[in-house]
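Student: Here it is, the structure in full.
The values are calculated or read from the model by the stated rules, or taken from the named source; none is laboratory data. Values in this document were obtained by computation on a predicted structure and should not be read as measured data. Positions of Cβ are generated from backbone atoms using ideal geometry, with glycine treated the same way; all protein chains shown enter the neighbour counts. Areas reflect the complete protein model, heavy atoms only, side chains present, ligands, DNA and RNA absent. Shrake-Rupley method; radii C 1.70, N 1.55, O 1.52, S 1.80 Å.
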Amino acid sequence: MPPQETYTCPAEQSSTHATPMHSPTHPNLENVQPPSLRSDKLGEGYVNDAFVGGQADAKSITSCTDVQSVNNGQDGDKDAFDFDDLLPHIGEFGRYQIALFFLMIPFACFVAWVYFTQIFITLAPEQHWCWVPELANLTKGQRMHLAIPKTNDVHDRCRMYAVNYTEVLQQGLAEPDPTWPTVGCRNGWEYNYTDVPYATIASELDWVCDNDSLPTIAQAVFFCGAILGGLVFGWIADRQGRVAALVGTNFVGGVAGVATAYCGTFTAFCICRFFVGMAFDNCFTMMYILVLEYVGPKWRTFVANMSIAIFFTAASTVLPWIALWISDWRLLCIVTSTPLFIALLTPWVVPESARWLASQGKIDKAIGILRKFERINKRSVDEKLYNQFTASCLKSQKEEEAAQRSYSVLDLFKTPRLRRITILLIFIWMAISLVFDGHVRNVGSLGLDVFLTFSIASFTEFPADTFLTFTLDKWGRRWLACGSMVLSGVFSWLAIAVPLGITSASMAIIGRFAVNLSYNIGLQYAAELLPTVVRAQGVALIHIMGYVASIVAPFVVYLEKFDASLPLFILGLIGIIGGLLSLFLPETLDQELPQTLQDGEEFGKDQKFLSFPCIRPKPSAVEPREYFRRTTSVRVSTSASTRGAIRSSMIQRTNSTRSRRSCKESNSELA
């Protein structure tokens, strides 16, 4: 459990029957009886009536006597009673959690539309040629025949004959002279809207020929915004809560998305897309993390994968057809951005994360929300369990205070083995991010209808996530990560080797399916390998480096302008290299996750390179069952919950200093 910012005892109590404290100046301290004699309930201190019914039931337990009573009671010598121990009594996937699961639908749509809409508003028709105003009275075919030079029976898209077309018409010439000099387009372009049946910002502002790199640059700017957004809204999520960050990121994305519709210059477009990029990922993952934090360990793999598989996939698959139906890039921006303002309603619909509240020392508010879950899930929780949870939170705070150690991401690079693991994770995640985004943006060069191809490729997310839901916790991460990345690379190369069209598109789509697997495996692999004391900062670093790789991806796809096979060749090569690098990481399946830096340095040293979880020998019959039950619980709980955390950059918190400062302030008040 994270360090808790809460009130600590000003002095150690030597007995469970010490005199209760009373502090009339502090609102949370009351004269209390030992838990066995108490008749009052824990207070529901959360101020939002949407999640706490009516007045608080009674007073809160925060005195040192109460804490000591719990700690020295029947369960005092057992492991800490944290949130995951309390959750089964409230319901791990009850009515309330199911409702929250379905409340993820709009936010999954938002992240898909924020991510992919830019593709459909910057498409430029493949067939375009110079516009010659003097030939406006001729038919399109006549204009092209007279003004546009041919190479191998294909009209040039960027050059025209440099002649006086007024004189050409006066002379009645109907055939061009191949010896005429040529020049670049002087008066813009005209387009054949067969493959892209509507005007986009690229065709309106003529981002073709010498300017055809502008959509690529704008996409890179989008990911620069994503880096800043991860930092800004991660800080907000840490300081103000998940709901505040969820509202903020969607509001910024909505405003910038609507503003995009009114852009008339490349500079204005880049500014708007930068702010839309700030909403990317976070507009969904804040809700994603919040829901995962309320779901029991055995349900987190299902919720983490199936929310993406169903909701995100559906939104991505339908987006091309929304674009076709609207057939107006400005209106498409408005239609896909306006729904983000729905997030303004979340404070009245979605509860704040009780885990986060507890981590901030707001234990009363956390318990108030949990009581709401208890009632809706039709459960009855013993009051002693809430007392134990409160005591555990306070105890965690004392342990953090005693540790007096602040860790940073630099600690990951101070020892050889942990340094090697960290560097490998960075390179592997950058490879996965680049290959994933490269496949997303390369659909236009596969020789088929871009809308149909994008829709089919997006649908591969569903079988990929469903497959992982049933195999990831059985087959492990290491070989699945390697196999899926290598498979992606192989099929990317096969797409080059076969004829352009359905066959090459099929190979590329299979490659996209494979990298979808890699992406979802990589999301939790880093969190399981890095030690707890630097896990938050470590995965934030890795995630940001993935954004850096995504900035490069549009430029890799842009190489198609020079050679149609270059993007897939590079994506295939990077995929295979990234997959092979995964084999040099230790397996985390059914392993106690590293807690300290020393644990991280020693983790996996006893594993063999060719070990495979599916064919390992069964545990000895004399192995203590309790150990394996605890190991599995820790693994599932950590891996599934941090999967959502890695998707956003919000988990970059370093609470040690702030926790100690809060403790000292609290102790001063108690004194």
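Student: Could you give me the ³J(HN,Hα) list for the range 250-259, computed from phi with Karplus coefficients 6.51, -1.76, 1.60 and θ = phi - 60°, whole Hz, x at Gly and Pro?
Tutor: 6, 5, 4, x, x, 4, 5, x, 5, 4
Student: Calculate the translational D of the range 142-281 in whole µm² s⁻¹ from Stokes-Einstein, where the hydrodynamic radius comes from the Kirkwood formula applied to all Cα pairs, the temperature is 4 °C and the viscosity 1.567 mPa s.
Tutor: Details: Rh = 18.5 Å.
This corresponds to a translational diffusion coefficient of 70 µm²/s.
Student: Pairs LYS395/LYS474; LYS298/LYS365; LYS365/LYS398: which exceed 24 Å Cα-Cα? Could you put the intermediate results ahead of the total?
Tutor: Details: LYS395/LYS474 35 Å; LYS298/LYS365 26 Å; LYS365/LYS398 20 Å.
With Cα atoms farther than 24 Å apart: LYS395/LYS474; LYS298/LYS365.
Student: Please report Rg over Rh for the range 79-196, where both radii come from the alpha carbon positions and Rh follows the Kirkwood definition.
Tutor: Numbers: Rg = 29.8 Å, Rh = 19.5 Å.
That ratio is 1.53, to two decimals.
Student: May I ask you to evaluate 6.51 cos²θ - 1.76 cosθ + 1.60, the Karplus curve with θ = phi - 60°, for each residue of the range 151-160 and list the ³J(HN,Hα) values in order in whole Hz, giving x for glycine and proline?
Tutor: Coupling constants for the range 151-160: 9, 6, 6, 10, 5, 5, 8, 10, 9, 9 Hz.
Student: Something else about it: Going by amide H atoms built from the backbone, whose H comes under 5 Å of the H on ASP212, apart from near neighbours?
Tutor: none
Student: Another one. Binned at 5 Å from 0, what are the whole-percent values of the Cα-Cα distance distribution for the range 374-506, short to long?
Tutor: Once binned at 5 Å, the Cα pair distances of the range 374-506 give 2, 7, 9, 12, 11, 9, 10, 10, 10, 8, 5, 4, 3, 0.
Student: Here's another thing I want to ask about it. Which order do peptides 170-183, 330-343 fall in by mean Cβ count within 10 Å, highest first? Walk me through the numbers on the way to the answer.
Tutor: On the way: 170-183: 10.1, 330-343: 20.2.
So the order, starting with the most tightly packed, is 330-343, 170-183.
Student: Between the range 137-207 and the range 487-521, how far is it from one alpha carbon centroid to the other, in angstrom?
Tutor: Their Cα centres are 37 Å away from one another.
Student: Rounded to a whole number, what % of the accessible area of the range 208-257 do carbon and sulfur atoms account for, probe 1.4 Å? Intermediate results must be reported in sequence, preceding the final value.
Tutor: Working: 1030 of 1550 Å².
C and S fraction of accessible area: 66 percent.
Student: If I histogram all Cα-Cα distances within the range 272-347 using bins 5 Å wide from 0, what percent of pairs lands in each bin?
Tutor: All Cα pairs considered, the percentages come to 3, 12, 17, 22, 21, 13, 7, 4, 1, 0.
Student: Next up: When you count, for each residue, the other Cβ atoms within 10 Å and take the mean per peptide, how do 138-150, 509-521, 96-108 rank with the highest first?
Tutor: Numbers: 138-150: 15.8, 509-521: 26.2, 96-108: 19.0.
For the peptides 138-150, 509-521, 96-108, the packing ranking is 509-521, 96-108, 138-150.
Student: List every residue whose amide H lies under 5 Å from the amide H of TRP129, counting only residues 5 or more places away in sequence or on a different chain, with H placed 1.01 Å from N in the peptide plane.
Tutor: Those lying under 5 Å, H to H, from TRP129 are GLU190.
Student: Under 5 Å between amide H atoms, partner at least 5 residues away or on a different chain: which partners does ASN377 have, H built in plane at 1.01 Å?
Tutor: For ASN377, the qualifying residues are TYR96.
Student: Return the Rg/Rh value of the range 226-359, two decimal places, where both radii are evaluated on C-alpha atoms and Rh is the Kirkwood radius. Intermediate results must be reported in sequence, preceding the final value.
Tutor: Working: Rg = 16.1 Å, Rh = 16.0 Å.
Rg/Rh for the range 226-359 comes to 1.01.
Student: Moving on. May I ask you to work out the translational diffusion coefficient for the range 425-580 at 4 °C, viscosity 1.567 mPa s, via Stokes-Einstein with Rh from the Kirkwood sum over Cα pairs, reported in whole µm²/s? Each step should come with its number before you reach the end.
Tutor: Details: Rh = 15.6 Å.
Using the Kirkwood radius from Cα pairs, D works out to 83 µm²/s.
Student: With only alpha-carbon atoms in the gyration tensor, what are the semi-axes of the equivalent ellipsoid for the range 451-524, in Å, largest first? Display every interim value, and only then the final one.
Tutor: Details: eigenvalues 112, 39, 11 Å².
So the three semi-axes of the range 451-524 are 24, 14, 8 Å.
Student: Quick one: pull the percentage of alpha-carbon pairs in the range 162-227 with a separation above 16 Å. Let's see the in-between values first.
Tutor: Working: 1414 of 2145 pairs.
The answer is 66 percent, as a whole percent.
Student: Once you treat every alpha carbon in the range 512-583 as an equal point and sum by Debye, what is log10 I(q)/I(0) at q = 0.16, 0.20 Å⁻¹?
Tutor: With no solvent term, the Cα-only Debye profile gives -0.69, -0.97.
Student: Here's another thing I want to ask about it. Rounded to the nearest percent, how much of the accessible area of the range 338-450 (1.4 Å probe, protein heavy atoms only) is carbon and sulfur?
Tutor: After summing per-atom areas, the C and S share lands at 61 percent.
Student: What list of ³J(HN,Hα) couplings, whole Hz, do you get for the range 545-556 from phi and the Karplus terms 6.51, -1.76, 1.60, once you set θ to phi - 60° and write x for glycine and proline?
Tutor: Along the range 545-556, the couplings run 5, x, 5, 4, 5, 5, 5, 6, 3, x, 6, 5 Hz.
Student: OK, next. Rank these residues by their accessible area, most exposed first, probe 1.4 Å: PHE280, PHE569.
Tutor: Values: PHE280 15, PHE569 100 Å².
Sorted descending by solvent-accessible area, the residues read PHE569, PHE280.
Student: Okay, moving on. Can you classify the range 314-440 as rounded, prolate or oblate using the Cα gyration tensor, where a ≥ b ≥ c are the square roots of its eigenvalues, rounded means a/c under 1.5, and otherwise it's prolate if a/b beats b/c and oblate if not?
Tutor: Details: a/c = 3.10, a/b = 1.25, b/c = 2.48.
Oblate.
Student: For the range 322-397, how big is the tail of P(r) above 18 Å, as a whole percent of Cα pairs? Present the calculation step by step, with values, prior to reporting the outcome.
Tutor: On the way: 1686 of 2850 pairs.
Within the range 322-397, distances greater than 18 Å cover 59 percent of Cα pairs.
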